[in-house]
C-alpha cells in the first residue's frame with residue numbers, strides 16, 4: 001500500500017478521498033488554486049501545494065504542475081477523482097513516465113473507452129448489446145440525413161470524444177439536421193477539442209442504468225450491482241439510487257455479466273462504470289464506460305458495505321481482489337441527491353458568493369459528502385456541485401423518506417441551492433412509485449418549478465409552523481417587556497386559544513392553538529379545522545431550522561424570519577407565509593405584496609461570469625427573448641435574452657470581460 005498520495009482534484013471528492021486515506025493511514029497531498037486558498041480539502045489534507053491561478057486551465061488542468069507537486073512532496077501515486085483530468089489518457093501517460101502510479105486504469109483503457117466510437121465497436125466485439133446507429137463519425141449534413149433515414153427517427157447526435165451531455169442533440173426530422181449538427185460540433189469542439197459526431201437511434205422514454213465494476217490487474221472482474229440515474233436535467237444527474245426499481249435479479253445478472261465482459265475485453269483494471277440505457281421492453285444497450293470513480297458511487301457503497309476508494313487504492317498498489325462475484329451481497333436501498341449552487345427559480349443559473357450559514361443533516365443511515373462549510377467561497381471557475389446527501393434504508397420507501405427529511409433540514413445560506421428542487425422530485429408520487437425515465441424532469445417541471453401544486457397536507461403543516469413560530473416570538477417579546485408593562489399600568493393577557501389567519505400567495509389558512517404551547521409538552525393545534533398533536537420543542541427564537549414531532553411523525557423545516565413574514569421550506573416547496581391576528585385580518589382592505597420593478601431600458605447580468613460573446617451592436621433591432629449576450633459561469637454557457645422588443649442603444653460589455661450580477665450588459669433606446 002502507498003505511504004503518500006496526491007489528490008489531483010478539489011471540493012467534495014478530494015475531501016471524500018482524504019477520509020478513506022486517513023482511515024488507512026495514508027498521507028495525503030492536496031493541490032489548490034488561488035480561488036481555493038481557504039478551501040476545506042486544502043486544510044484537511046496532510047500537505048497542500050499551490051498550483052496556480054483560479055482558472056482550471058492554469059491549475060487543476062496543468063499536468064506539469066500536478067506531476068511536479070507529486071514529486072516535490074514524495075507522493076507515490078495520484079488519485080484523479082472525477083472531472084478535470086480523470087479521463088485524460090495524456091495525464092495517465094505523464095504519470096507513468098514520471099515513475100508514479102495512477103489510481104485508475106491504464107492510459108490505453110482510458111483512450112479506448114473514452115472514445116464513443118471505438119468503445120462502441122469494442123462492446124460489439126464483446127457481445128454487449130449496442131444502440132442501432134452508425135459507428136463512424138459523420139462527414140456532413142447529407143450523410144447524417146441519409147444515416148438517419150436508415151436508422152429511423154428520432155436520432156441522437158453524440159460527440160465521439162466525451163460525455164456529460166455536452167454536444168448531444170436530438171433530431172426528429174431531416175429539416176432540423178443542419179442546425180443540430182452545427183450546434184453539436186461547435187459545443188463538442190469547445191468541450192473536447194474534437195468535432196467528431198456520430199449518429200445513433202434515440203431511445204424514447206429510456207432509463208439510465210449503470211453497472212459498477214471492480215477489476216484488478218490479475219484478470220479478476222466483478223460487478224457491484226446497478227445504479228438508477230434516470231433523474232437528469234440537461235443530461236446532468238440529479239438523483240441516483242441503488243438498486244434500480246426497474247431491474248430484476250435476472251436482469252441485474254445479465255447486465256452485470258455484460259459489463260464484466262466489456263471490462264475484460266478492454267483489459268480494464270481499477271474501478272469503472274459501464275452505462276446502459278434500458279427501454280420500456282427491458283432491452284438494454286451499451287451507452288459508454290466511465291473510466292473513473294463516479295459522483296454517485298456512495299449509493300453503491302451503502303448497499304454493498306464496500307469503500308470503493310479503498311479498493312481503488314488496493315488495486316492500484318497491485319493487490320488481488322479477495323472476493324468472487326458470488327461473495328457480493330446487497331443490503332437495503334440507498335438514494336443520493338446532488339446539491340448544487342444554482343437557482344432553479346431563475347433557470348438554474350449558477351449562484352456564487354460566500355456560505356454564511358451551514359448545517360448538514362446527520363443521523364443513522366444519513367451520509368453527507370461535502371466540500372464546503374461555513375465561510376466557503378463559491379466562485380465561477382468550477383463546477384457548481386457543493387455536496388451530496390445520501391440516505392440508506394431497508395426499503396426504497398425508507399430511503400426516500402429519510403432523504404426527504406435530511407434535505408428538509410439541510411441549511412445553506414449565502415448562495416442559492418437546488419435543495420428544494422431535489423426534494424420536490426423525491427416528493428412526487430411518480431418518483432415514489434419508481435415510474436421514471438430520463439425525461440422525468442421535463443415531464444414534471446417547468447424550469448425549476450413543479451407543474452404540480454404542493455400537497456395540501458404539506459401546505460397545512462407549513463402554515464402550522466408559521467403560526468407557531470409567530471406566536472412563540474410574540475410571547476417571548478411580551479415576556480421580555482413584562483417588567484416595563486407592570487410599571488406603566490397593567491399587563492394584557494394572551495388569548496386562551498390564540499388564533500391566526502395566515503396567507504400564502506392565493507391560499508388562506510386558519511390556525512388555532514387550543515392551548516398555549518409549552519416547551520416539552522404536547523399542544524393541540526388546528527389548521528382549517530384539522531387537528532394536529534404537536535410536541536413543542538425547546539425553542540431558540542430566530543433559529544433557521546425546526547424539528548417537530550406532529551401526530552407521532554418527525555418533520556423538519558427550514559425557516560427565515562422577516563417581521564410577520566416567514567419563509568418556510570418543506571418537502572420541496574419554499575413559500576412566504578404572512579401571519580395576522582383575526583382583528584388585523586378583518587381590518588385589512590389591501591395587502592401589499594413584495595414586487596420588483598424591472599427596468600425596461602437595460603439588460604442586467606443575471607449572474608457573475610465571463611462574456612463569451614456579444615451577439616448584437618448599436619442600432620440593431622431585437623425582439624423579446626432574443627439572446628443578446630452569451631455568458632460562461634461554472635463551466636456552463638448561457639444566453640441572456642432581451643426583456644423587450646427594441647433597438648440597441650449601447651453594448652456595455654465585450655468578449656472576455658468579467659461581469660457581476662446586476663451589471664448592465666446592454667442599453668436600449670427609450
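The values are calculated or read from the model by the stated rules, or taken from the named source; none is laboratory data. Everything quoted here is computed from the prediction, not taken from an experiment. Using ideal geometry, Cβ is built from the backbone for each residue, glycine included, and neighbour counts are taken over all protein chains shown.
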**Fill in**
Per the filter on segment 122-134, residues within 32 Å of the chain's Cα centre (by Cα) and not in a strand (DSSP E or B) are 122, 123, 128, 129, 131, 132
**Request:** Determine whether residue 213 is closer than 19 Å to residue 442 by Cα and at pLDDT 90 or above.
**Result:** no
**Message:** Condition first: touching a helix residue (DSSP H, G or I) at 6+ places or on another chain (Cβ under 8 Å), at pLDDT below 90 and either exposed (fewer than 10 other Cβ atoms within 10 Å of the Cβ) or within 17 Å of residue 547 (Cα to Cα) (or both). Can you find one or more residues in segment 494-516 that meet it?
**Reply:** no
**Request:** For residues that are crowded, with 19+ Cβ neighbours inside 10 Å and either free of Cβ contacts under 8 Å to residues at least 40 places away in the same chain or assigned by TED's automatic domain parsing to the domain that holds residue 382 (or both), scanning just segment 623-645, find the one that is nearest to the chain's Cα centre (by Cα).
**Result:** 631
**Request:** Might you let me know whether segment 162-174 holds any residue that is assigned to a loop (DSSP other than H, G, I, E, B), free of Cβ contacts under 8 Å to residues at least 40 places away in the same chain and over 23 Å from the mean Cα position of the chain (by Cα)?
**Result:** yes
**Complete:** Exactly one of 49, 31 is closer than 22 Å to residue 20 by Cα, touching a helix residue (DSSP H, G or I) at 6+ places or on another chain (Cβ under 6 Å) and surrounded by 20 or more Cβ atoms within 10 Å (Cβ to Cβ), and that residue is 31
**Request:** Could you pull out every one of the strands (runs of 3 or more DSSP E) wholly within segment 180-237 that has 1 or more residues that are in contact with a strand residue (DSSP E or B) (Cβ under 9 Å, 6 or more places away or on another chain) and free of Cβ contacts under 8 Å to residues at least 60 places away in the same chain?
**Result:** 221-233
**Asked** Name the strands (runs of 3 or more DSSP E) wholly within segment 553-670 that hold at least 3 residues that are modelled with pLDDT of 85 or more and closer than 27 Å to residue 352 by Cα?
**Response** 553-562, 565-570, 573-580, 602-604, 609-614, 627-633, 664-668
